[in-house]
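First the structure, in the form of structure tokens, and then the observations on it.
Each reported figure results from applying straightforward, stated rules to the coordinates on display, with no laboratory input. The structure displayed is predicted, hence computed values, not measured ones. Note that we place each Cβ from the backbone using ideal geometry, even for glycine, and neighbour counts take in every protein chain shown.
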Amino acid sequence: MKISKKTIFAFFCAALAALPATVKAVCPVCIVAVGAGLGLSRWLGIDDTITGLWLGGLTIAVTVWTKNWLNKKNVRLPLLSLWLALVYYGSALTPLYVKNLLGHPLNALWSVDKLIMGMAIGTILFYVAELFYEFLKKRNDGRAHFPFEKIVLPMAALLVASAIFYFLTK
């Protein structure tokens, strides 16, 4: 069964809108690290599923970071998370679609475009890793267990998923 790109994108946006609004800020170092991973994976010719993982992680990181930055500036808009997600995911997907990098029948895994699948999984993993960090920190009297734990957890999640997809798509 083939699922259209529009259906996947709509699901993506709805899932992001349903996320809790109390997410803590994603640090700029995380965003730079994910962006570097994304650029490196494309440069090395790594499978699009893995590239999508990093692109999804980067996009959710920038979305959450921007939302928290706007909140600090007292910018309060209805459905702010949804609008930011639409802008950032649209900014990521539109050039890929225009350049025909999405929807090619030979670039699919389980009948889903590899980049879109990777983005969806990368988004979820990065977000869950951030929630897990907040959970661990709360249980440790509001302190991280080790330096840069906030960076290590999301990066580790994306690295493990990258390894798994490397062997699945090899």
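When the chain is fully extended, how far beyond the present Cα-Cα distance does residue 134 get from residue 99, taking 0.36 nm per residue of separation? All intermediate terms of the calculation are to be shown ahead of the outcome.
Values: separation 35, 0.36 × 35 = 12.60 nm, distance 3.83 nm.
Stretched fully, the residue 134-residue 99 segment lengthens by 8.8 nm.
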- Query: Which three lengths, in whole Å and largest first, does the range 28-169 cover when its Cα atoms are put on their principal axes?
  - Reply: 49, 35, 24
- Query: If you plug each phi of the range 127-137 into the Karplus form 6.51 cos²θ - 1.76 cosθ + 1.60 with θ = phi - 60°, what whole-Hz ³J(HN,Hα) values come out, in order, with x for Gly and Pro?
  - Reply: 5, 5, 5, 5, 5, 5, 4, 4, 4, 5, 5
- Task: List the relative contact order of the range 69-170 as a percent without decimals, with contacts defined as Cα pairs under 8 Å and 6+ residues apart.
- Result: 17 percent
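Efficiency by 1/(1 + (r/R0)^6): what FRET value for residue 163 and residue 72, r their Cβ-Cβ distance, R0 = 30 Å, to the nearest 0.05? Write down the numbers at each step before the final one.
On the way: r = 36 Å, r/R0 = 1.20.
The calculated FRET efficiency here is 0.25.
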- Query: If the cut-off is 20 Å between C-alpha atoms, which aspartates and glutamates fall inside it for residue 114, apart from same-chain ones fewer than 8 positions away?
  - Reply: 47, 48
- Item | Average silhouette area of the range 53-114, convex hull of alpha-carbon atoms, in square nanometres | 4.9 nm²
- Reachable aspartates and glutamates, given that their alpha-carbon falls under 14 Å from the alpha-carbon of residue 150 and they are not under 8 places away in the same chain: 130, 134
- Item | Karplus (6.51, -1.76, 1.60) ³J(HN,Hα), θ = phi - 60°, over the range 95-107, in Hz, Gly and Pro reported as x | x, 5, 5, 4, 8, 6, 8, 10, x, 6, x, 8, 10
